[in-house]
Amino acid sequence: MSYADLRELQTALTLAADLASGLQQAPSRQDADRLVDVLRHALTTAGSIAPGTGPAGSPTGCAAHPHGAVDPLYGDPEDPLPPGYGKCLLCNDRRRRADAHPHPPLRRSA
């Protein structure tokens, strides 16, 4: 778990507590929706940083970079990723670089 993950969880929980303690009467639909959104975010954050979740429970789903950046093109219908690309930006960047610069064939010496 990184410090940024921990801070994100703490912020979400603090915001949820502030929203809940600020209620003086039955919440309006908008207040209730806001509280539910904040609590869902806190739950998602907590689930993604729990030990033992493995790559499948990580944001990237990547064994090498479980807490790396998610490729912004992942899931983009207008500019889809090539087949075989996943959510991990680091792995996708490596694939892009490999595809962009094909290596010249090796010459064997006699």
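Counting only whole DSSP H helices of the chain, the ones at least 18 Å long by C-alpha along their axis and with mean Kyte-Doolittle hydropathy no lower than -1.0 are 3-21, 29-49.
Residue 93 sits with roughly 60 Å² accessible to a 1.4 Å probe, with DNA, RNA and ligands left out of the calculation. Note on exposure: 85, 3, 74 ranked by accessible area (1.4 Å probe, complete protein assembly) read 3, 74, 85, with the most exposed listed first.
Which order do 58, 21 take by accessible area at a 1.4 Å probe, largest first?
Details: 58 15, 21 85 Å².
Per-residue accessible area, sorted high to low, gives 21, 58.
Between the entries (i) 23.8, 72; (ii) 23.3, 76; (iii) 21.2, 87, the label attached to Rg and Dmax of the Cα atoms in Å calculated for this structure is (iii). Summarising the amide proton neighbourhood of residue 70: residues at separation of 5 or more, or on other chains, whose placed amide H is nearer than 5 Å comprise 89.
Approximating the spin labels as points 7 Å out from Cα along Cα→Cβ, the residue 108-to-residue 69 distance works out to 4.2 nm.
Given a 1.4 Å probe and every protein chain left where it sits, what share in percent of the accessible area of the range 70-110 is carbon and sulfur? Display every interim value, and only then the final one.
Values: 2100 of 3740 Å².
Percent of accessible area from carbon and sulfur atoms in the range 70-110: 56.
Express in nm, to one decimal, how much length is gained between residue 34 and residue 17 on full extension, taking 0.36 nm for each residue of separation and deducting their alpha carbon distance. Intermediate results must be reported in sequence, preceding the final value.
Details: separation 17, 0.36 × 17 = 6.12 nm, distance 1.20 nm.
Contour length minus Cα-Cα distance gives 4.9 nm.
The values are calculated or read from the model by the stated rules, or taken from the named source; none is laboratory data. In this text, all values refer to a predicted model and were calculated from it rather than measured experimentally. Cβ sites come from the backbone with ideal geometry, for glycine too, and all protein chains shown count toward neighbours. In case anyone asks, the SASA skips ligands and DNA or RNA and just uses the protein heavy atoms, side chains included. Shrake-Rupley method; radii C 1.70, N 1.55, O 1.52, S 1.80 Å.
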